[in-house]
Amino acid sequence: MSGFQFSTTKSLICRPGAAADLAASVGALLGQHILVVTDPGIRKLGLIDAALASLAAAGCEVFVFDAVEADPSRATLMAAVAAGQTFGATGVVGFGGGSSLDVAKLAALLLGSDQPLDEAWGVGNAKGPRLPLVLVPTTAGTGSEVTPVSIITVENDEKRGVSSAIILPDLAVLDADLTLGLPPAITAATGVDAMVHAIEAFTSKSPNNNPLSRMLAREALRLLGANIETVCAEGSNRSAREAMLLGSMLAGQAFANSPVAAVHALAYPIGGIFHVPHGLSNALVLAPVLRFNAEVQADLYDEIAADAFPSLAEMGQGRTSAFIDALVSLAARLKLPPRLRDVGIPEDALPRMAADAMKQQRLLVNNPRPVSEADALAIYRTAW
């Protein structure tokens, strides 16, 4: 076993109803002036109301920044930072899906330090310090509440990331009640996203791929594979919702330390250029990338196939192919669009997407098989 480093969120609460008692959970951690970062949908649905009431009852002053969009832009991030500066924020709460949590992470970083954003991009470049930070996910997909990564869309529709343990939150609150009303389409896409995290973490070529990440990835696949169809069919099933939230978090811990690879690298141009939701972007290229990788690394997929799909446990030869086919069939049963053309991506856009995917070298270096621009284009053509 090679040496490795494993970092994760300092503290975790997993309990239905925990968000409604947020003040008790965070105590004095965030100070008296709390910037809450969320999106308009969460605000409109009232998912955040009980948490806000809890903080207000504890005597905290709260400013809600609720302008986060899917694939959040640099402008949105900087608007959140400006709001926090004007308000005099002493702590930050991210409340929502991965986009809100990503903006909250970097808002806490920029509010707590004088480091320019452009100096923080990349791996290990964020210097900090940051403001105290609490993250409350409302989807079971990104695992952002336990990852040291924040992704922002910058100029020319490019997705750029900050990766640093400094932006891991002080506390993550997993409250399954917040996910009970999630529509089936979002539930499906975010659930597949979490499965991708687990698959790519387990098979990552990162020098930091480690026993803890592999163990967490496998348990995540067991939880996600066993519950994803249930939560899409029975949205109010609290037990299945909690299992998905936990599976997403475990997958997040896994890939936070054994980073993702080509599926994500090729998904980013789909979201950045065409604003396809991140989970669905991953689902659209998952099977073609796995087939590309399987030519050199099928043994890794053989090892985890039955974690997600127990019926494959007794299968010997051909297990990897059956695993990939099972993922395709799962996406179809979840009614996810199967091809790039089905989400409005024209064929003549594929070369630009392949070129853009090459900008994600921090991810591509982790792929089990090297990916050239020509390879990326061929994968996109297969997915189209």
Note down the nm distance, to one decimal, between modelled labels 7 Å out along Cα→Cβ at A75 and at L29. 3.3 nm
With only Lys, Arg, Asp and Glu charged, each at its Cβ (+1 for the first two, -1 for the last two), find how big the charge dipole of the chain is about the Cα centre; round to the nearest 20 debye. 260 debye
In the range 296-384, the trypsin sites (Lys or Arg not before Pro) that fall in loop regions by DSSP, at most 14 other Cβ within 10 Å: K335, R339
Degrees between helix 278-308 axis and first principal axis of the chain (Cα, 0 to 90, nearest 10): 60 degrees
What ranking do L212, L350 get, fewest neighbouring Cβ atoms within 10 angstrom at the top? L212, L350
Sorted from largest down, give the three principal axis spans of the alpha carbons of the chain, whole angstrom values. 62, 45, 42
For the range 11-178, what ratio Rg/Rh do Cα atoms give with a Kirkwood hydrodynamic radius? 0.93
At each listed q (0.07, 0.13 Å⁻¹), what is the log10 of I(q)/I(0) that the Debye formula gives for the range 183-383 modelled as equal alpha-carbon point scatterers? -0.18, -0.64
Using DSSP, restrict attention to beta bridges with both residues in the range 11-178 and report what percent are antiparallel, rounded to the nearest 5. 20 percent
Expressed in nm to one decimal, what extension gain is obtained for the pair S311 and A57 from 0.36 nm per residue of sequence separation less their Cα-Cα distance? 86.4 nm
Virtual spin-label span in nm between E234 and L212, 7 Å along Cα→Cβ: 3.5 nm
Compute the distance in nm between two label points, each set 7 Å from the Cα along the Cα-to-Cβ direction, one at R381 and one at R339. 1.5 nm
Taking loop as defined by DSSP and a crowding limit of 10 other beta carbons within 10 Å, which trypsin sites (Lys or Arg not before Pro) in the range 200-309 fit? none
Exposure proxy order (Cβ contacts within 10 Å, fewest to most) of F202, F274: F274, F202
May I ask what percent, to the nearest 5, of DSSP beta bridges between residues of the chain are antiparallel? 20 percent
At a Förster distance of 22 Å, what's the computed FRET efficiency of E295 paired with E158, Cβ-Cβ distance as r, to 0.05? 0.15
Can you tally the net charge around R241? Count Lys and Arg as +1, Asp and Glu as -1, for every other residue whose Cβ sits under 11 Å from the Cβ of R241. -3
Fewest to most neighbouring Cβ within 10 Å: what's the order for D71, D21? D21, D71
Only helical DSSP H runs with n ≥ 4 go in: add -39500 (n - 2.57) per run for the chain, normalise by residue count and round the 222 nm mean residue ellipticity to 500 deg cm²/dmol. -16500 deg cm²/dmol
What Rg and what Dmax come out for the range 242-335 when only alpha-carbon atoms are used, in angstroms? 14.1, 42
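Rule-based calculations on the coordinates, nothing more; no lab input. Every value quoted in this text rests on a predicted model; they were computed, and no experiment measured them. Cβ atoms come from the backbone with ideal geometry, glycine included; neighbour counts cover every protein chain shown.
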